[in-house]
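Following: one structure in structure tokens, then a few remarks.
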Amino acid sequence: MKKTLFVLLPVLCAPLLAQAAEAPMLIKIPRLTLEASERLAQATVAACRKEGIQIGVTVVDRSGDAMVFLRDTLAPRVTIEISRQKAYTAVNFNAPLSTMENRFTKPFAVGKVDGLVFSAGGIPIEAAGNIVGAVGVSGAATGEQDEACAREGLKAIATDLEMAGP
């Protein structure tokens, strides 16, 4: 049995080694620029202001690190951390948080991990088929209003995101 395994091992590993040899040494990863992040944040605040809502908005990069944060004049301080956590969660799960609100309901589930928020108001940002970041909003009366402002804000950079090529 050991002899058969020893003989088959090179045969079984050969395809894996061939794939590894063909794999690129570097991977180009698209990044959201500071300028795009700023435009998105400003447009999101403007969208909520039109509705009479004061918010905090955070735009994170693909790693979940904050690129831009804005807190409107009368938005409560708590919007700083909540908007950051919403953006962080959206980028890490690559899904709008409104689709995940009831996903983790059991005690000790993933949703109970510090730093994750599963309340509507966080949306991932994609360009050329790649996730490049997320936007999180906090401060409206409901998560749905937060998310509506984020979606409006995304319109400010939508054309640029669509034009981003591989």
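If you model segment 33-166 as an ellipsoid using its alpha carbon gyration tensor, with each semi-axis the square root of five times an eigenvalue, the axes come out at 21, 19, 12 Å, biggest first.
Projecting label points 7 angstrom from Cα along Cα→Cβ for Glu101 and Asp114 puts them 2.7 nm apart. What distance in nm separates the simple spin-label points at Asn94 and Glu35, each placed 7 Å from Cα in the Cβ direction? The modelled label-to-label distance comes out at 2.8 nm.
Amide H contacts of Glu126 (H built 1.01 Å from N, in plane; Pro and chain starts excluded): Val132 sit under 5 Å, all sequence-distant by 5 or more or on other chains. Between Glu144 and Met25, the C-beta separation translates, for a Förster distance of 35 Å, into a calculated FRET efficiency of about 0.20.
Where a number appears in this text, it was derived from the coordinates with a stated rule and is not lab data. What you are looking at is a predicted structure, and each value in this text was computed from that prediction instead of being measured. For neighbour counting, all protein chains shown are included, and Cβ atoms are generated from backbone atoms with ideal geometry for every residue, glycine included.
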